Amino acid sequence: MNAQNRQILNIAIPSIISNITVPLIGLVDITISGHLGNVAYIGAIAVGTMIFNVIYWIFGFLRMGTSGMTSQALGSRDFAEVMRLLVRSLTVAMMVAAGFLLFQIPLRDIALYLMHPSQQTSAFAATYFSICIWGAPAMLCQYGLTGWFIGMQNTRVPMMVAILQNIINVVASLFFVAVIGMKIEGVALGTLIAQWCGLIIAVMAWFKFYRRLNRYSWRRNVFSAEAMRRFFVVNRDIFLRTLFLVAVNLFFLSAGARQGDIILSVNTLLMTLFTLFSYFMDGFAYAAEALSGKYYGAKNIRAFRDMKRRIAYWGIGVVIMFTLTYIISGRSFLTLLTDQSNVVASAMAFLPWAYVIPSAGVAAFIYDGIFIGITQTKGMLISSAISAIVFFALFFALYSSLGNHALWLAFNVYLAMRGFIQFLILRRTV
């Protein structure tokens, strides 16, 4: 196998494994809450998990921005800057987390007001939130460390952190609930302990593999005005781009909900097919981040273009694999997710849209990774903004005649446009 293909897989495969383990924390919490004797506990965990998912997704720039800038510093062999980037990222993470902790009560109340659960579910969700919010410093620092590790071409550490964190979550939550007899407080404490253990493991891994970087003179100009300006410009663009992604995804959910429980269930099941595809493509996007930043920082344009071509080949392979799987086994997968025959029957009319998702979305994942690696984040912001506008315009123009099909058509066009616009921008950039 070509050396660059090996590099791609060495980064992509651990990232894919990490991505698959991420939903397990929420799944474990929901499974345990399902045995607490009150259906409101399940709803409370679902509401609480969604709140934190949105919050942490919005602040995912701490991972992405750190990854791109670190890989460029690595490519240019500027190890002092590599260390400065880690310190900057962790400092900003702690500042954001401090804001969460300081304003946790209004943040909790606004989130619950927007989601509007039942009174009992709201009370349980507030309890879950009030405990898990203290994991914000751990989670946001993990974002910074994960981005730094990816920038250093190392995705094995984040993979091990994710696996061990999930194991700790299972053990701790079961202990508090099954042994001590706690209710939702026990589930939340298990999650909180797992989050802080994940950070401790990541820090220990840094000391094991990278403490030798301390010998470089990195302590000067850590927070220089120019360095912080670039750091915040890159992260500002990623933050705003993420807001457009969140807006599209939340609207997709609410538009399905307004069409009734059956359509909401159908859209949720079919969106799972997109989520599975995204777990795999994110792995190759991380490889694109790490390698494009490294070659761009080293000014090795030939290796950069070769990497881009090989990432595209792997992307095409993933598209073919998932498209054939969905065509052959789509119905079987739906029946695995639910035993409600009316939901499965309704989903079959919309299943062909899931066949299109891999082809529509592949370029967006690959180019997101490349743009993060070369820190051309304004291109990501522009593509996301234009594509989101087209998504909403298409939906509102076609909904009266196409119904839920308009939602899926708009979503697939939105994915394809993100990739196409980034392709055009990259041709002018590199």
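General observations
- Farthest toward the positive end of the dipole of the chain, out of GLY151, LEU398, GLY186, is the Cα of GLY151, where the dipole comes from beta carbon charges about the Cα centre.
- Solvent exposure ordering (accessible area, 1.4 Å, most first) of LEU270, LEU324: LEU324, LEU270
- Note on surface exposure: ASP109, ASP237 rank ASP109, ASP237 by accessible area, highest first, 1.4 Å probe.
- Across the chain, Cα pairs under 8 Å and at least six residues apart give a relative contact order of 23 percent.
- For a label point 7 Å along the Cα-to-beta-carbon line of PHE232, residues of segment 111-152 with backbone N under 13 Å: none
- What the Cα atoms of segment 59-178 give is an Rg and a Dmax of 17.6, 56 Å.
- Probe 1.4 Å, all protein chains present, accessible-area order of THR275, THR242, largest first: THR275, THR242
- Förster radius 35 Å - calculated FRET efficiency between VAL246 and ASN300, Cβ distance, rounded to 0.05: 0.50
- Out of every Cα-Cα pair that segment 293-430 contains, those further apart than 19 angstrom amount to 60 percent.
- At least 30 Å along the helix axis (C-alpha) and Kyte average at least 0.0, DSSP helices within the chain: 3-33, 79-102, 184-210, 225-257, 261-297, 301-337, 351-373, 377-402, 404-429
- Straight Cα distances below 19 angstrom link LYS294 to the lysines LYS308, with same-chain residues fewer than 8 positions distant left out.
- Percent breakdown of C-alpha pair distances by 5 Å bin, ordered from the shortest bin, for segment 285-365: 3, 13, 19, 15, 12, 10, 9, 7, 6, 4, 2, 0
- The eigenvalues of the Cα gyration tensor, multiplied by 5 and square-rooted, give the chain an equivalent ellipsoid with semi-axes of 33, 29, 20 Å from largest to smallest.
- Sum of -39500 (n - 2.57) over DSSP H runs of 4+, divided by residues of the chain (222 nm, nearest 500): -30000 deg cm²/dmol
- Averaging the sequence gap over all C-alpha pairs within less than 8 Å and six or more residues apart, then dividing by the number of residues, gives segment 31-146 a relative contact order of 42 percent.
- Per-q log10 I(q)/I(0), segment 329-402, q = 0.20 Å⁻¹ (Debye; single scatterer per alpha-carbon; no solvent): -0.95
- If you take the Cα centroid of segment 179-215 and the Cα centroid of segment 266-309, the two points sit 27 Å apart.
- Euclidean distance of C-alpha centroids, segment 346-418 and segment 128-145, integer Å: 30 Å
- Gained length - THR275 relative to SER400, 0.36 nm times residue gap less alpha-carbon distance: 42.2 nm
The values are calculated or read from the model by the stated rules, or taken from the named source; none is laboratory data. Keep in mind that what you see is a predicted model, and the values were worked out from it rather than measured. Backbone-built Cβ (ideal geometry, glycine too); neighbour counts: all protein chains shown. The accessibility values were calculated without ligands, DNA or RNA, using every heavy atom of the protein model including side chains. Shrake-Rupley method; radii C 1.70, N 1.55, O 1.52, S 1.80 Å.
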